[in-house]
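Readers should treat all values here as calculations from the given coordinates under stated rules, not as data from a laboratory. Predicted model only: the values in this text are computed from it and were never measured. Note that we place each Cβ from the backbone using ideal geometry, even for glycine, and neighbour counts take in every protein chain shown.
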Amino acid sequence: MPGEKELPSTLERSPAKARRTWIEAHDAAVEEYGEGERAHRTAYAALKHSFEKVGDHWEPKDGKGPSDKQAARSGGPARRGGETAGGVDANASKSHLADIAKRLDISGRSRMTKDELVDAIQKANARETRASRSGKD
């Protein structure tokens with residue numbers, strides 16, 4: 001399976017179901033579109049339907065569905081490009097996002113709006129992913 005060889009490091013630290021979801025979607029997209037960015041975007045879109053990025057890994061969402069406005073549009077992000085919430089479940093409740101922010105030790109979270117929480121979680125996720133990747137070498 002080509003997807004197993006291209007598995008992102010964040011998925012190596014994630015549940016087996018998340019890895020399977022990404023690999024299966026990636027491999028199907030490679031058959032349809034060929035290898036490249038489009039196959040990766042398609043795989044991430046499938047992953048974000050059931051999982052959300054928390055720190056340096058992916059965790060199951062409470063409910064399945066699109067993770068942000070971009071994913072909710074028909075055609076999917078792989079066809080249009082555009083901004084996404086980077087794996088953060090922007091459609092989750094503010095309370096859920098505040099809980100994730102607390103787990104990630106984001107300061108000032110109690111005064112943040114929902115959009116600010118999404119942005120702060122995205123930045124914290126990126127920091128943790130960078131730290132995990134640099135510790136790997």
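About the centre of its Cα atoms, the stretch 91-137 shows a dipole size close to 60 debye [charges on the beta carbon of Lys, Arg (+1) and Asp, Glu (-1) only; nearest 20 debye]. Each label point was placed 7 Å from the Cα along the Cα-to-Cβ direction; for E37 and E83 their separation is 1.8 nm. Here's the picture: charge each Lys and Arg Cβ at +1 and each Asp and Glu Cβ at -1 in the stretch 2-136, and of A39, I100, S14 the one pushed furthest to the positive end of that dipole is I100. Taking GluC sites (Glu not before Pro) across the stretch 1-62, the ones in a DSSP loop with at most 15 further Cβ atoms lying within 10 angstrom of their Cβ are E35.
Taking the square root of 5 times each eigenvalue of the Cα gyration tensor, what semi-axes in Å does the equivalent ellipsoid of the stretch 22-68 have, largest first? All intermediate terms of the calculation are to be shown ahead of the outcome.
On the way: eigenvalues 92, 22, 13 Å².
Its equivalent ellipsoid spans semi-axes of 21, 11, 8 Å.
Residues considered: G34, G87, G55. Largest GNM mean-square fluctuation over the chain, using C-alpha springs under 10 Å, is found at G34.
In the stretch 2-136, inverting the average of 1/r over every pair of distinct C-alpha atoms gives 15.2 Å as the Kirkwood radius. The calculated 222 nm mean residue ellipticity attributable to helices in the chain amounts to -17500 deg cm²/dmol, summing -39500 (n - 2.57) over DSSP H runs of n ≥ 4 and dividing by all residues.
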